[in-house]
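Bear in mind that the values in this text are calculations on the coordinates, not laboratory data. The shown structure was predicted, so the numbers you read here are calculated from the model rather than taken from an experiment. Cβ sites come from the backbone with ideal geometry, for glycine too, and all protein chains shown count toward neighbours.
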Amino acid sequence: MGDKKDLFSNEAISKIKEMAEDIKMCMFCTELSVRPIPTRPMTVLEVDDMGNLWFISSSKSNKNFEIKHDDDVQLIFAKNSDSHYLSVFGKALIYKDKSHVEDIWTPVANTWFEEGKNDPDVSVIKVEPSDAYYWDTKYGKMVSMLKMAAAAVTGKTMDDGGVEGKLNV
């Protein structure tokens, strides 16, 4: 059985920043009331000091269109190799001004934009977290697996080293 540890304010922001920047890739979900929920992989380019997550996107993408009609989004991060998981609900805002593009541009983004950061279709999406939840390990995946193996061999219940909780930004 793992521990429950809710985090608040700066501690919550630090946890979002730590996990999102480590995992980098998330499933970016829009139109949360629609079934099936439109979901696509996106790379977070920055997590700022307020816990906001920043992405580059095409202004012509379905995602941008969906956000204009419903700005509620969910970001789902998973790094199975380290047993790190993060779910973030928030409001998405779209920016077209060049200063936001310049701040988070990466050479990899050239893959999607013919004219690079000067492409007229480049936009930046900021997700402001409202609710978040994380699952992590206290000791790292290896120790957690050793504890589970020991419990299986001995038949005793042991702390699996897991920790989870709400992140209240």
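Calculate, in nm to one decimal, what E18 and E164 gain on full extension: separation in residues at 0.36 nm each, minus their alpha carbon distance.
51.1 nm
Among the listed pairs K79/K117; K68/K98; K15/K126, give every one whose C-alpha distance is greater than 27 Å. Table pairs above 27 Å Cα-Cα are K79/K117. Along the axis of the charge dipole computed for the chain (Cβ charges of +1 for Lys and Arg, -1 for Asp and Glu, origin at the Cα centre), the listed residues H84, M42, N62 are led at the positive end by H84.
Mean residue ellipticity at 222 nm from the helices of the chain, using -39,500 (n - 2.57) per DSSP H segment of n ≥ 4 over the full residue count, to the nearest 500 deg cm²/dmol? Don't skip to the answer; put the middle values down first.
On the way: 4 runs with 44 residues, N = 169.
Result for the chain: -8000 deg cm²/dmol, rounded to the nearest 500.
Net charge dipole, the chain: roughly 540 debye, given to the nearest 20, about the Cα centre with Cβ charges of +1 for Lys and Arg and -1 for Asp and Glu. The length gained on full extension between V34 and D49, counted as 0.36 nm times the residue separation minus their Cα-Cα distance, comes to 2.2 nm.
Quick one: longest stretch of the chain between exposed loop GluC sites (Glu not before Pro), exposed meaning at most 10 other C-beta atoms within 10 Å and loop per DSSP?
On the way: sites that count: E114, E115.
The answer is 1-113.
Relative contact order of the chain, taken over Cα pairs closer than 8 Å and 6 or more residues apart, is 29 percent.
Between S99 and A78, the modelled label-to-label distance comes to 3.9 nm, taking each label 7 Å out from Cα in the direction of the beta carbon. Charged side chains reduced to their Cβ positions (Lys and Arg at +1, Asp and Glu at -1) give the range 1-87 a dipole of some 380 debye around its Cα centre.
Remark on the range 7-134: ratio of C-alpha radius of gyration to 2.2 N^0.38 Å is 1.02.
Report the extension gain between E114 and N62 in nm, rounded to one decimal, defined as 0.36 nm multiplied by the number of residues separating them, less their alpha carbon distance.
Values: separation 52, 0.36 × 52 = 18.72 nm, distance 1.87 nm.
So the chain would gain 16.9 nm between E114 and N62.
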